[in-house]
Amino acid sequence: YPYFQPLYNFSDGFNVLNPENGLQVTVVLLRIIEDLFQGCRNIEFNFGADEKLSALKDNINAILSEWTSYREDLFEKRYGDYLRNFVNQLYSQNDWDKSQYGKESLTNILWRTKYYFLPNFNFTQILLNKPSNDNPYKPLAGRTDYLKTALSLIVKRIDENAEGQKAVLGVINPWERYEFDLPNTVSKRLDVLLGAKRQTNTSATNANLIKYTLCIVSVLDWWINNPQSPAYTTNAMHIYRISDKDGGPAFSAPVRSDQNQLFAAAVKRAVAARQQK
């Protein structure tokens, strides 16, 4: 939260997530991938031309189109608003979570965590009643698995055909410069890392954008699909942020202002390490 909130200005709801709540990392990764997908939408994927890619049970273009819904609808509207209302009630009445309505609200929050984002999320059920799964989208866990599988195959082919920039089955324009319709937090950093300002010998290509996207997608896939990931090793009831002063709900935390300096320092270290090899 302290690092990413100033970069992305997440809506209310994100601010009250307990740092141990696995959704905090989930939402950040979803948002980073959103930025990457802004460039991926200008890549000409042709999965239908390949037997292996077309056999996978999803569609890359559908995912690119629907990806923001996992954050904007599932998290911000269906989970975040619900959590914010719960915390506001608890702030006004510190035993509200012990009431019948409070228990129902808490139960819904826990089940929405499992239904929407973290399929391996386990918790002690507070009430016998189990809410129905109202997720209107394909499960996120299945979509990250699809993306990891498909993009891994594409990246393997990119590496195999990099010399001479040969054709890559599944992508029509891998060697062209990547294009973001509007600069965003991630694209600006990629421009620096890949030398986008250079007119020649630039690494700012669709091929490398796909590689970076695969890296972040793989982290998210591991985070939500691996039962041993840190998303599942914390206390399931550590849902909202707690004040150190009174033990009640907290609605924010100090944020950082040195993101650009940290990035610049990391780039300098990477350049220095490369020069020493």
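The values are calculated or read from the model by the stated rules, or taken from the named source; none is laboratory data. Bear in mind the structure is a predicted one, so any value in this text is a computation, not a measurement. All Cβ positions, glycine included, derive from the backbone under ideal geometry; neighbour counts span all protein chains shown.
Observations on the model:
- Residue in region 103-113 that is within 25 Å of ALA253 (Cα to Cα), of a type in the set (Lys, Arg) and out of contact with any Asp or Glu (no Cβ under 6 Å at 6 or more places or on another chain) present: yes
- For LEU151, the criteria (1) surrounded by 18 or more Cβ atoms within 10 Å (Cβ to Cβ); (2) touching a helix residue (DSSP H, G or I) at 6+ places or on another chain (Cβ under 7 Å); (3) farther than 23 Å from CYS40 by Cα; (4) in contact (Cβ under 8 Å) with a residue 60 or more places away in the chain hold in every case but one, which is (3).
- Flag if ARG112 is in contact (Cβ under 8 Å) with a residue 40 or more places away in the chain, basic (Lys, Arg), closer than 17 Å to VAL27 by Cα and assigned to a helix (DSSP H, G or I): no
- Of all residues making up region 240-263, the number that are more than 20 Å from the chain's Cα centre (by Cα), more than 14 Å from ASN21 (Cβ to Cβ) and not in a loop (DSSP other than H, G, I, E, B): 3
- All positions within region 205-221 that are farther than 18 Å from TYR116 by Cβ and not β-branched (Val, Ile, Thr): ASN206, ALA207, ASN208, LEU209, LYS211, TYR212, LEU214, CYS215, SER218
- Residue count for region 115-144, restricted to those that are free of Cβ contacts under 8 Å to residues at least 60 places away in the same chain, out of contact with any Lys or Arg (no Cβ under 9 Å at 6 or more places or on another chain) and charged (D, E, K, R): 1.
- Of all residues in region 29-82 being within 15 Å of LEU140 (Cβ to Cβ) and of a type in the set (A, V, I, L, M), the one that is surrounded by the fewest Cβ atoms within 10 Å (Cβ to Cβ): ALA62
- Residue match in region 40-53 (condition: at pLDDT below 95 and at positive phi): no
- So ASN235, is it within 30 Å of ASP95 (Cβ to Cβ), loosely packed, with under 13 Cβ neighbours inside 10 Å and either modelled with pLDDT under 95 or of a type outside the set (Asp, Glu) (or both): yes
- Region 112-142, residues that are buried (at least 18 other Cβ atoms within 10 Å of the Cβ) and of a type in the set (Phe, Trp, Tyr): TYR115, TYR116, PHE117, PHE121
- Candidate set: region 117-139, residues that are closer than 18 Å to GLN228 by Cα and of a type in the set (A, V, I, L, M, F, W, C); chosen: the one nearest to the chain's Cα centre (by Cα): PHE117
- In region 243-256, the residues that are of a type in the set (A, V, I, L, M, F, W, C) form Cβ pairs under 9 Å with partners that are surrounded by 10 or more Cβ atoms within 10 Å (Cβ to Cβ) and in a strand (DSSP E or B), at six or more places apart or across chains, as follows: ALA250/TYR240; ALA250/ILE242.
- Yes/no for GLU66 being among the acidic types (Asp, Glu), in contact (Cβ under 8 Å) with a residue 60 or more places away in the chain and within 22 Å of TYR212 (Cα to Cα): yes
- Filter result for LEU7 (of a type outside the set (Ser, Thr, Tyr) and closer than 21 Å to SER229 by Cβ): no
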